[in-house]
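Everything below concerns the one structure shown next.
Quick note: the coordinates plus some simple rules give every number you see, no bench work behind them. The shown structure was predicted, so the numbers you read here are calculated from the model rather than taken from an experiment. Because the Cβ atoms are built from the backbone with ideal geometry, glycine has one as well, and the counts that use them run over all protein chains shown.
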Amino acid sequence: MSYLIGEFRNMLLSIPGIIFIFSFKGFFQSFVAGKLGDPTPRNAGRLTMNPAAHIDLIGFIFIILFGIGWAKPVPVRTRFFKKIKRDVAIFYISGPISCIIGGFILFFLSALSESLLPISMVSDIISLMLYLGCTISLSLGMFYLLPLPGLDGYYFITNFVPYKYNNVLYNIEKYSMFIFIGFILLLRSTPLGYYLIHTPVSLMINFFALILSPIF
């Protein structure tokens, strides 16, 4: 029973971090697209930290229940890019990078709260809330790097695939939802999730702790 209570508590405390990282990722990619010459995200109202502009309800429910989810994709028109291949790659890799940056911000704030706030139940809750947000942000960063249809990693890689294979990619993308759900089940039920998500996240958290150790 205590385990279930703890899990429910963590689920509730993770919500602010999820809202932050979905908003930050959408804002960050919109900013990058603008710098690359595409005004589409700005015109669509995505150059903002307002969660309503970025959160996809189903993706939000998925991440709360299963630990993996998604936000609304940032609309982009590659014809505005100056160098298509390079700029498309930069745009899509900026998604996972934004999650890593967001994770570092939340880790820093968690460490800062532990350092500055007096020891109390409230300070413990704030620190845990920020730390949970950090781990979720980093986990999403690793997840978005995976070459699954619909994710940044997929579009980053297929950007370099020769045009003659477009039909192959089209046939793969027709089954994108089945591939996506199937892979989520694999991540949740096999050691694959440990090696692809949890191990890199642990390494990054240890790295964050190392570089911030002179401060805290």
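What residue among LEU116, LEU13, ALA53 has its Cα farthest toward the positive end of the dipole of segment 2-212, where the charges are +1 on Lys, Arg and -1 on Asp, Glu, each on the Cβ?
ALA53
Please compute the net charge surrounding PRO149, taking Lys and Arg as +1 and Asp and Glu as -1 over other residues with Cβ under 13 Å from its Cβ.
-1
Take every Cα pair under 8 Å in the chain that's 6+ residues apart, average their separations, divide by the length, and report that relative contact order as a whole percent.
On the way: 263 pairs, mean separation 44.3, N = 216.
That works out to 20 percent.
Between Rg and the Kirkwood Rh of segment 1-101, both from Cα atoms, what is the Rg to Rh ratio?
With Rg and the Kirkwood Rh in hand, the quotient comes to 1.09.
Taking only complete DSSP H runs, can you tell me which helices of the chain stretch 24 Å or more along their own long axis by Cα positions and average at least 1.0 on the Kyte-Doolittle scale?
Span-like helices here: 84-116, 121-144.
Quickly work out the ILE157-to-LEU57 label distance, labels modelled 7 Å from Cα along the C-beta direction, and quote it in nm with one decimal.
Label-label distance for LEU57 and ILE157, simple model: 3.3 nm.
Based on the mean of other beta carbon atoms within 10 Å per residue, what is the order of 182-193, 128-139, most packed first?
Descending packing order for the listed peptides: 128-139, 182-193.
Once you have a ≥ b ≥ c as the square roots of the Cα gyration tensor eigenvalues for the chain, tell me rounded if a/c is under 1.5, and otherwise prolate or oblate according to whether a/b is larger than b/c. Write out the running numbers ahead of the final one.
Details: a/c = 1.96, a/b = 1.51, b/c = 1.30.
The shape class here is prolate.
Could you please rank MET204, MET121, MET49, placing first whichever residue has the fewest other Cβ atoms within 10 Å of its Cβ?
MET121, MET49, MET204
Quick one: net charge of ILE100's neighbours, Cβ under 15 Å, K/R +1, D/E -1?
That works out to 0.
ARG79 versus LEU117, label points 7 Å from Cα toward the beta carbon: distance in nm?
Distance between label points: 5.0 nm.
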